[in-house]
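Peer 1: Provided herewith is a single structure, encoded as structure tokens, for subsequent inquiry.
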Amino acid sequence: MKAMLKIILVDDHAVVRAGFQMLLANESAIEVIAVAERGEQACQLYFELQPDVLVLDLSMPGIGGLETIRRICHRDPQAKIVVFSVHDERVYLERAINVGAKGYITKNSAPEILVEAIQAVAANKIYIEQSLKPKVEPAHSEPTYRSIVDSLSAREFDIFLLLAKGLTVHKIAEELCLGYKTVANYGTQIRNKFNVSTVAELANIATALGILKQ
């Protein structure tokens, strides 16, 4: 008899976490041993409980999903992490895999896909939702901007996206639980890297690269 897979679920929405748990409760070989709503909690629980697989969202307050993956994988290169996100853009998938995630599926996928992803990653396999695989092909637009995006840190990337979406510095500071000056400094660094002066220009870049949808 196979041992049950121990899972930690990380999502900042209680309804989503409850849905995860209901879905996985029907799987006799999977046990949800803990849930978390922020990356900081996820890191702590991961090293305390040592789950077989960590399932997490990317868009969360605090350090965010990408930085959570990076921190865990830095300490435990063998960590098995599945991203379960609303984002189906190529850049999210690439960045998640680059910082150490072993699986990536979207919240639009069929329920059984989450179970498949967990089982595959637990078995030391890489699992990427089939509909996302064509998006891993190299981009042909704005290669210079693409390389700049790829060079952004996890925090810079989060703030770049929020600025591009039109959020104010105050709103971003609130969303990410950071100080106003910290976010303002990041904003300046990001605009300097892209050699632009306005948020509108950042939005145009994000749209051209397919990171933001028109």
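What follows draws every value from the coordinates through simple rules; no lab data is involved. Remember, predicted model here, so these are calculated numbers, not experimental data. Heads up, the Cβs are rebuilt from the backbone with ideal geometry, glycines too, and the neighbour counts pull from every protein chain shown.
Peer 1: So what's the convex hull volume per residue for the Cα atoms of region 56-170, in Å³? Before the final figure, lay out the partial values.
Peer 2: Details: hull volume 13.1 nm³, N = 115.
In region 56-170, the Cα hull volume divided by residue count equals 114 Å³.
Peer 1: I would also like to ask the following. Determine, at each q value in 0.20, 0.23, 0.26, 0.28 (inverse angstroms), the log₁₀ of I(q)/I(0) that the Debye formula gives when each Cα of region 143-208 is one equal point scatterer.
Peer 2: -0.71, -0.94, -1.20, -1.37
Peer 1: Tell me the angle of helix 180-194 to the major Cα principal axis of the chain, expressed in degrees between 0 and 90 and rounded to the nearest ten.
Peer 2: The angle comes out near 70 degrees.
Peer 1: Next question, about the same structure. Nearest 10 degrees, 0 to 90: what angle lies between the long axis of helix 154-164 and the longest principal axis of the chain (Cα atoms)?
Peer 2: Roughly 60 degrees, rounded to the nearest 10.
Peer 1: Report the dimensions of the chain along its three principal axes from the alpha-carbon atoms, largest first, rounded to Å.
Peer 2: 61, 37, 30
Peer 1: Note the angle between two axes, namely the Cα long axis of helix 39-49 and the longest principal axis of the Cα atoms of the chain, as a number of degrees from 0 to 90, rounded to the nearest 10.
Peer 2: For 39-49 against the chain, the angle is about 30 degrees.
Peer 1: Further question on the same structure: Can you give the calculated 222 nm mean residue ellipticity of the chain, where each DSSP H run of n ≥ 4 adds -39,500 (n - 2.57) and the sum is split over every residue, rounded to the nearest 500 deg cm²/dmol? Write out the running numbers ahead of the final one.
Peer 2: Values: 10 runs with 109 residues, N = 214.
One gets -15500 deg cm²/dmol as the mean residue ellipticity at 222 nm.
Peer 1: Using a Förster distance of 30 angstrom, determine the FRET efficiency expected from the C-beta separation of ASN195 and VAL16, and round it to 0.05.
Peer 2: 0.20
Peer 1: Also, I was wondering about something else. Can you figure out the FRET efficiency of HIS170 with ILE126, using R₀ = 45 Å and their beta-carbon distance, to the nearest 0.05?
Peer 2: Numbers: r = 40 Å, r/R0 = 0.88.
Computed FRET efficiency for HIS170 and ILE126 comes out at 0.70.
Peer 1: What is the set of long-range amide H partners of VAL32 at a cut-off below 5 Å, with H atoms built 1.01 Å from backbone N?
Peer 2: ILE7
Peer 1: Using per-residue counts of other Cβ atoms within 10 Å, averaged over each peptide, order 98-106, 24-32 from highest down. Can you show the working numbers first?
Peer 2: Details: 98-106: 21.7, 24-32: 14.9.
In decreasing order of mean packing, 98-106, 24-32 become 98-106, 24-32.
Peer 1: Turning to a different aspect of this structure: Semi-axes of the equivalent ellipsoid of region 1-125: what are they in whole Å, largest first, if each equals the square root of 5 times a C-alpha gyration tensor eigenvalue? Working shown, then result.
Peer 2: Details: eigenvalues 72, 52, 44 Å².
Over the Cα atoms of region 1-125, the ellipsoid semi-axes are 19, 16, 15 Å.
Peer 1: To the nearest 0.05, how large is the calculated FRET efficiency for ASN185 and ASP76 if R₀ is 22 Å and r is the Cβ-Cβ distance? Don't skip to the answer; put the middle values down first.
Peer 2: Working: r = 31 Å, r/R0 = 1.41.
The computed FRET efficiency comes out at 0.10.
Peer 1: Can you report the principal axis dimensions of region 51-119 using only the alpha carbons, biggest first, rounded to whole angstrom?
Peer 2: Here the spans come out as 32, 24, 20 Å, largest first.
Peer 1: Now a separate question. Here are some pairs, LYS107/LYS213; LYS6/LYS80; LYS102/LYS213; which of them have Cα atoms lying more than 22 Å apart in this structure?
Peer 2: Going by Cα-Cα distance, LYS102/LYS213 fall outside the 22 Å limit.
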